[in-house]
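Let me begin by presenting the structure, written as C-alpha coordinates, before commenting on it.
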Amino acid sequence: MYQVKTYSSEIPVKNYFEKYVDIPTFLKCCQDCPNYDKKWSCPSYDFDVETYWKKYETLLLMGRQIIFDAETKNRSFTQEEMDSFLEKVLKKEKQILTDQLFKLEKEYAGSISLSAGSCIICGKDNCTKPKGKPCRFPDKMRYSIESLGGNVGKTISDLFHIELEWIEQGKLPSHFVLVSGLLK
(Lines give C-alpha, C1' and ligand atoms only; values in the text may rest on other atoms or scores of the structure.)
Protein backbone atom coordinates (compact mmCIF):
# COMPACT_ATOMS: atom_id res chain seq x y z
CA MET A 1 0.00 0.00 0.00
CA TYR A 2 2.73 2.50 0.97
CA GLN A 3 6.21 2.90 2.36
CA VAL A 4 7.61 5.69 4.53
CA LYS A 5 10.83 7.67 4.27
CA THR A 6 11.82 9.79 7.23
CA TYR A 7 13.61 13.13 7.12
CA SER A 8 15.01 15.54 9.65
CA SER A 9 16.79 18.86 9.59
CA GLU A 10 17.82 21.26 12.32
CA ILE A 11 17.85 25.01 11.78
CA PRO A 12 18.21 28.02 14.08
CA VAL A 13 14.76 29.49 14.76
CA LYS A 14 16.04 32.92 13.77
CA ASN A 15 16.98 31.62 10.30
CA TYR A 16 13.78 29.58 9.96
CA PHE A 17 11.66 32.58 10.92
CA GLU A 18 13.41 34.87 8.43
CA LYS A 19 13.27 32.45 5.49
CA TYR A 20 10.12 30.36 6.01
CA VAL A 21 7.65 32.21 8.23
CA ASP A 22 5.08 34.60 6.76
CA ILE A 23 2.45 35.10 9.45
CA PRO A 24 0.02 37.34 7.47
CA THR A 25 -0.06 35.02 4.43
CA PHE A 26 -0.59 31.84 6.41
CA LEU A 27 -3.05 33.48 8.80
CA LYS A 28 -5.14 34.31 5.72
CA CYS A 29 -4.94 30.63 4.65
CA CYS A 30 -6.03 29.61 8.14
CA GLN A 31 -8.98 32.03 8.02
CA ASP A 32 -10.17 30.25 4.87
CA CYS A 33 -10.00 26.84 6.60
CA PRO A 34 -13.03 25.32 8.37
CA ASN A 35 -10.89 24.77 11.49
CA TYR A 36 -10.32 28.52 11.99
CA ASP A 37 -11.50 29.44 15.50
CA LYS A 38 -12.88 25.89 15.83
CA LYS A 39 -9.81 24.18 17.33
CA TRP A 40 -7.43 25.27 20.07
CA SER A 41 -4.52 24.29 17.80
CA CYS A 42 -5.66 26.72 15.11
CA PRO A 43 -5.83 30.53 14.94
CA SER A 44 -7.09 32.89 16.05
CA TYR A 45 -4.70 32.94 18.98
CA ASP A 46 -4.59 35.02 22.13
CA PHE A 47 -0.79 35.30 21.91
CA ASP A 48 1.70 36.92 19.56
CA VAL A 49 2.91 34.29 17.08
CA GLU A 50 6.25 36.00 16.38
CA THR A 51 7.02 36.10 20.11
CA TYR A 52 6.12 32.40 20.34
CA TRP A 53 8.74 31.48 17.71
CA LYS A 54 11.39 33.73 19.19
CA LYS A 55 11.24 32.10 22.65
CA TYR A 56 13.26 29.23 21.14
CA GLU A 57 16.75 28.87 19.67
CA THR A 58 16.52 25.80 17.42
CA LEU A 59 13.90 24.03 15.32
CA LEU A 60 14.32 20.32 14.68
CA LEU A 61 12.11 19.49 11.70
CA MET A 62 10.88 15.94 11.24
CA GLY A 63 9.09 14.62 8.19
CA ARG A 64 7.43 11.41 7.08
CA GLN A 65 7.04 10.99 3.33
CA ILE A 66 4.25 8.50 2.67
CA ILE A 67 4.98 6.96 -0.74
CA PHE A 68 2.12 5.04 -2.32
CA ASP A 69 2.71 1.90 -4.37
CA ALA A 70 1.58 1.88 -8.02
CA GLU A 71 -1.63 -0.05 -7.34
CA THR A 72 -2.76 2.35 -4.61
CA LYS A 73 -1.68 5.45 -6.54
CA ASN A 74 -3.50 4.35 -9.71
CA ARG A 75 -6.73 3.43 -7.95
CA SER A 76 -9.77 5.69 -8.36
CA PHE A 77 -11.41 6.62 -5.06
CA THR A 78 -14.85 7.99 -4.35
CA GLN A 79 -14.77 10.94 -1.95
CA GLU A 80 -15.95 8.71 0.90
CA GLU A 81 -13.29 6.08 0.14
CA MET A 82 -10.60 8.77 -0.10
CA ASP A 83 -11.64 10.32 3.22
CA SER A 84 -11.62 6.93 4.95
CA PHE A 85 -8.28 5.88 3.45
CA LEU A 86 -6.58 9.16 4.34
CA GLU A 87 -8.04 9.17 7.85
CA LYS A 88 -6.52 5.75 8.46
CA VAL A 89 -3.10 6.34 6.87
CA LEU A 90 -2.46 9.93 7.93
CA LYS A 91 -3.72 9.41 11.48
CA LYS A 92 -1.38 6.43 11.93
CA GLU A 93 1.67 8.24 10.54
CA LYS A 94 0.89 11.45 12.43
CA GLN A 95 0.68 9.45 15.68
CA ILE A 96 4.14 7.99 15.04
CA LEU A 97 5.55 11.52 14.65
CA THR A 98 3.68 12.75 17.72
CA ASP A 99 5.01 9.89 19.87
CA GLN A 100 8.58 10.59 18.72
CA LEU A 101 8.22 14.29 19.48
CA PHE A 102 6.72 13.78 22.94
CA LYS A 103 9.74 11.59 23.76
CA LEU A 104 12.07 14.35 22.56
CA GLU A 105 10.22 16.92 24.67
CA LYS A 106 11.19 14.87 27.73
CA GLU A 107 14.84 14.82 26.61
CA TYR A 108 15.07 18.59 26.00
CA ALA A 109 13.86 20.63 28.95
CA GLY A 110 11.77 23.62 27.90
CA SER A 111 11.13 22.29 24.39
CA ILE A 112 7.73 22.04 22.70
CA SER A 113 6.70 20.05 19.67
CA LEU A 114 4.83 21.29 16.63
CA SER A 115 2.15 19.02 15.20
CA ALA A 116 1.79 17.78 11.64
CA GLY A 117 -1.48 19.59 10.97
CA SER A 118 -4.27 20.47 13.35
CA CYS A 119 -5.08 18.71 16.59
CA ILE A 120 -7.13 15.49 16.41
CA ILE A 121 -7.08 14.47 20.07
CA CYS A 122 -10.77 15.16 20.77
CA GLY A 123 -11.98 13.84 17.42
CA LYS A 124 -13.80 15.53 14.56
CA ASP A 125 -15.91 18.55 15.58
CA ASN A 126 -15.40 17.79 19.27
CA CYS A 127 -12.99 20.54 20.35
CA THR A 128 -14.18 22.75 23.21
CA LYS A 129 -12.98 26.04 21.62
CA PRO A 130 -16.27 26.85 19.81
CA LYS A 131 -18.09 26.36 23.12
CA GLY A 132 -15.79 28.86 24.84
CA LYS A 133 -14.43 26.18 27.16
CA PRO A 134 -10.76 25.47 27.91
CA CYS A 135 -8.87 22.78 26.05
CA ARG A 136 -9.45 19.35 27.62
CA PHE A 137 -5.88 18.23 26.88
CA PRO A 138 -3.58 21.28 27.08
CA ASP A 139 -0.68 18.96 27.92
CA LYS A 140 -1.11 17.18 24.55
CA MET A 141 -2.45 19.87 22.20
CA ARG A 142 0.21 21.30 19.88
CA TYR A 143 0.20 23.99 17.22
CA SER A 144 1.26 23.16 13.69
CA ILE A 145 4.04 24.90 11.79
CA GLU A 146 1.48 26.25 9.31
CA SER A 147 -0.77 27.67 12.02
CA LEU A 148 2.23 29.65 13.29
CA GLY A 149 2.91 31.08 9.83
CA GLY A 150 5.45 28.51 8.60
CA ASN A 151 5.59 27.70 4.90
CA VAL A 152 5.78 23.90 4.98
CA GLY A 153 5.89 23.59 1.17
CA LYS A 154 9.00 25.77 0.95
CA THR A 155 10.44 24.07 4.04
CA ILE A 156 10.26 20.57 2.61
CA SER A 157 11.39 21.72 -0.83
CA ASP A 158 14.50 23.46 0.52
CA LEU A 159 15.39 21.26 3.48
CA PHE A 160 14.11 17.79 2.52
CA HIS A 161 14.27 18.21 -1.29
CA ILE A 162 10.67 17.02 -1.73
CA GLU A 163 7.88 18.80 -3.55
CA LEU A 164 4.30 18.77 -2.28
CA GLU A 165 1.78 16.89 -4.39
CA TRP A 166 -2.01 17.04 -4.27
CA ILE A 167 -5.03 14.80 -4.74
CA GLU A 168 -6.58 15.18 -8.18
CA GLN A 169 -9.99 13.84 -9.26
CA GLY A 170 -10.17 10.86 -6.91
CA LYS A 171 -6.52 9.90 -7.40
CA LEU A 172 -3.80 9.96 -4.78
CA PRO A 173 -0.54 11.75 -5.51
CA SER A 174 2.62 9.65 -5.52
CA HIS A 175 3.25 10.80 -1.95
CA PHE A 176 2.15 12.88 1.00
CA VAL A 177 4.51 14.52 3.47
CA LEU A 178 3.74 15.11 7.13
CA VAL A 179 5.99 17.70 8.76
CA SER A 180 6.32 18.42 12.44
CA GLY A 181 9.02 19.85 14.62
CA LEU A 182 10.55 20.43 17.99
CA LEU A 183 11.26 23.94 19.19
CA LYS A 184 14.08 23.93 21.70
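The values are calculated or read from the model by the stated rules, or taken from the named source; none is laboratory data. Computed from a predicted structure; not experimentally measured. Here Cβ is always computed from backbone atoms with ideal geometry, including for glycine, and neighbour counts include all displayed protein chains. Heads up: the accessible areas ignore ligands, DNA and RNA and are worked out on the full protein's heavy atoms, side chains in. Shrake-Rupley method; radii C 1.70, N 1.55, O 1.52, S 1.80 Å.
Using a cut-off of 15 Å between beta-carbons, work out the net charge of the residues near A109 (Lys and Arg +1, Asp and Glu -1, A109 not included).
Values: positive: K55, K103, K106, K184; negative: E57, E105, E107.
In short, +1.
Round to the nearest 0.05 the FRET efficiency obtained for E168 and D99 when R0 = 30 Å and r is the Cβ-Cβ distance. Write down the numbers at each step before the final one.
Working: r = 32 Å, r/R0 = 1.05.
E between E168 and D99, to the nearest 0.05, is 0.45.
In the complete set of protein chains, residue-level accessible area for E107 is approximately 130 Å², probe 1.4 angstrom. List the pairs from K54/K133; K88/K131; K19/K129; K19/K154; K19/K92; K92/K184 whose alpha-carbon separation is above 20 Å, in the order I gave them. Long pairs (Cα-Cα over 20 Å): K54/K133; K88/K131; K19/K129; K19/K92; K92/K184. Distances between every pair of Cα atoms in the stretch 56-184, grouped in 5 Å steps from 0 to the bin holding the largest one, split as 2, 9, 17, 20, 19, 16, 10, 5, 2, 0 percent. A probe of 1.4 angstrom, applied to the heavy atoms of all protein chains, finds D83 with accessible area near 80 square angstrom. Each of L159, P24, L59 was scored by the projection of its Cα onto the charge dipole of the chain, and the greatest displacement toward the positive side belongs to L59; charges sit on the C-beta of Lys, Arg, Asp and Glu.
Which residues in the stretch 33-71 have a backbone N closer than 19 Å to a point placed 7 Å from the Cα of H161 along the Cα-to-Cβ line? Hits in the stretch 33-71 for H161 at 19 Å: 61-67. Taking a ≥ b ≥ c as the square roots of the eigenvalues of the Cα gyration tensor of the stretch 33-119, is the shape rounded (a/c under 1.5), prolate (a/b larger than b/c) or oblate? Oblate is the answer for the stretch 33-119, as a/c is 1.5 or above yet b/c matches or exceeds a/b. Surface analysis of the chain yields an accessible area of 57 Å² per residue, using protein heavy atoms and a 1.4 Å probe. Work out the FRET efficiency for K91 and D32 from their Cβ-Cβ distance, taking R0 = 22 Å, and round it to the nearest 0.05. Computed FRET efficiency for K91 and D32 comes out at 0.40.
So, with a 1.4 angstrom probe, what is the percent of accessible area on the chain that is carbon and sulfur?
Values: 5410 of 10540 Å².
Solvent-exposed carbon and sulfur of the chain make up 51 percent of the total.
For the chain, what relative contact order do you get, as a whole percent, if you take Cα pairs closer than 8 Å and at least 6 residues apart? Here the relative contact order equals 38 percent.
Here the Karplus relation 6.51 cos²θ - 1.76 cosθ + 1.60, evaluated at θ = phi - 60°, turns the backbone of the stretch 6-11 into coupling constants of 10, 9, 8, 7, 10, 9 Hz, with x for every Gly and Pro.
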